[in-house]
Amino acid sequence: MTVRVRFAPSPTGYLHIGSARTALYNFLYARSKGGKFLLRIEDTDQERSTEESVKSILEGLKWLGLEPDEPIVFQSKNKEKHLEAAFKLLEMGKAYRDFTPKEKTTENIKEVVAERAREQKDLRSNPYRDLSKEESDARAASGEPFAIRLKVPRTGKTSFEDAVYGLQEREFSEIEDLVLVRSDGHPLYNLAVVCDDIEMGITNVIRGQDHLTNTHKQILIYEALGIKPPRFAHLPLILAPGGKKLSKRHHGEIVSLTTYRDAGFLPEAFRNFLALLGWSPKGNKEILSMEELIESFSLEGIHRSNAIFNFDPNNPKRWTDDKAIWMNAEYLRKMPLEKLIPYVKEELRQAKLWREEYESEEKEWFEKTVNLIRERFFTLKDFSTQGRAYFSEDFDFDPKAVEKNLKKHPELETLLPELAERLEQLVDFSHQALEDEIKKFAQEKGVSFGVIMNGARTVLTGVQVGPSMLAVLETLGKKRVVARLKSRLAWQAIQQV
Ligand code: GLU
């Protein structure tokens, strides 16, 4: 049987990284089995679902390269089918009409159930459960509003073998007669999910561990309908440092996938990072391409313990200790240049640093430069911030670099413009020629080569560290090197240090 899985987000906000990981695992599972990955938007909560959220989910999935194999299913469009199933269950005697007037809203249902549980310690003691068919039909025909509840058997238990957590069992007595359709005619979540999964031919349901309780209820619906349930795999949660739930409310933008896109993460890297947040491949390899992820993905490799998303909660913008940032840097350094260039182009375009020449007469220079500076970068943003001096004359001087490399060596204020004069005379502006000339100059002036190079780095690029200085000089080219070494801008920046 062809594997068919689905990602079923509720469109009530941006795409949470936990949901993105669920989507990824579904996708990897489908691909690893030669199956299909489907998308169902669970938009039955009219008040909370928004168009904007659907857009952000689709954008996020596209960014990660997880596009569905079939047209998107919108759950709200299947309402009639959900109702049909509920009435079928009613007809079969597997469900019953509940005429309790209070139970109009889900909140009320919860209250009523809780109250009953307190009073009678039996979650299924609904007075309408055993109403005769005739009476139930007559009351419905007279226009009395009713909810439809599943008649959970009195004794026994549900059980299923979860691909991650193993055997799961639940006594029927612990499950209330769940509402399938509210008295306002609105079919509820568990019924809708089961109907849609059946309709879509879903073979494996892979979703968050927070749905475990729902799964027991859904299995009861499958059984009542006489249909074999799909196989289930529940995923561990992703928690915040300290083990708290990673929630939209408390962690704001940190949980949104687009935050990482906008912060300059490469989708390839973030996908790789997400894949390892709760799953390990065999062997110790951590950098895995999409093909490798697909090849090594298995439900058995999913951890049972919850994963921690390691950011600094007091300083959410500081990602440098994070594995995600490490992985992004690895990808930036190692991905084929032709794959990286379009991302850099987009970053520079957004920062208004892009020039058409980078694709024509300056193409070679541009590619060489990107290749040089990517060595020490962590995100795509670094190309327009730390790397700004390569693409613009308007760049900032890092106060730390100015302090360390210029302020502490005031002699450089006259030496660097002098060096500029010398370099201006060079016909050959290559590595070797530059090295020889600068070494000679340093010796003559009795200053260390390192001091000159560090000072030059700050004056030329505004930063403290970067690629080999000889490569930097060569990349910037004679004209810019000479002009910047003569410029007073960096020295003026000393006043602000
Ligand atoms: N719509 C549910 C959610 O957003 C997922 C339902 C499911 O995967 O079965 O959590």
First in the stretch 72-97 and more than 20 Å from Ile57 (Cα to Cα) and of a type in the set (Gly, Ala, Ser), second anywhere and in a helix (DSSP H, G or I) and modelled with pLDDT of 95 or more, Cβ under 7 Å, 6 or more apart
Ala85/Leu191; Ala85/Cys195; Ala85/Leu225; Ala86/Leu191; Ala95/Ala86; Ala95/Leu89
Residue tally, condition over 16 Å from Thr379 (Cβ atoms) and surrounded by 14 or more Cβ atoms within 10 Å (Cβ to Cβ), over the stretch 248-261:
4
For Glu295, only one of the following conditions fails: (1) within 13 Å of the ligand (Cβ to nearest atom); (2) out of contact with any Lys or Arg (no Cβ under 8 Å at 6 or more places or on another chain); (3) assigned to a helix (DSSP H, G or I); (4) touching a residue at least 40 places away in the same chain (Cβ under 8 Å). What is its number?
(1)
Can you tell me which of Ala420, Ala456, Ala389 is farther than 27 Å from Ala329 by Cβ and either surrounded by 21 or more Cβ atoms within 10 Å (Cβ to Cβ) or modelled with pLDDT of 95 or more (or both)?
Ala420
All but one of (1) in contact (Cβ under 8 Å) with a residue 40 or more places away in the chain; (2) within 16 Å of the ligand (Cβ to nearest atom); (3) surrounded by 18 or more Cβ atoms within 10 Å (Cβ to Cβ); (4) in a helix (DSSP H, G or I) hold for Val164; state the number of the condition that does not hold.
(4)
Does Glu59 fit the bill of being closer than 17 Å to Ser256 by Cα, assigned to a helix (DSSP H, G or I), of a type in the set (Asp, Glu) and at pLDDT 95 or above?
yes
Using the structure shown, decide if Gly243 is within 11 Å of the ligand (Cβ to nearest atom) and surrounded by fewer than 21 Cβ atoms within 10 Å (Cβ to Cβ).
no
Consider Ser53 against the criteria (1) closer than 22 Å to Ile202 by Cα; (2) crowded, with 19+ Cβ neighbours inside 10 Å; (3) of a type in the set (Gly, Ala, Ser): it satisfies all of them except one. Which criterion is unmet?
(1)
Could you identify the single residue in Ile41, Ile57, Ile72, Ile17 that is closer than 23 Å to Lys217 by Cα, within 16 Å of the ligand (Cβ to nearest atom), among the β-branched types (Val, Ile, Thr) and in contact with a strand residue (DSSP E or B) (Cβ under 8 Å, 6 or more places away or on another chain)?
Ile41
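The values are calculated or read from the model by the stated rules, or taken from the named source; none is laboratory data. As the structure is a prediction and not an experimental result, all values here were calculated from the model. FYI the Cβ positions are ideal-geometry reconstructions off the backbone, even for glycines, and counts take in every protein chain you see.
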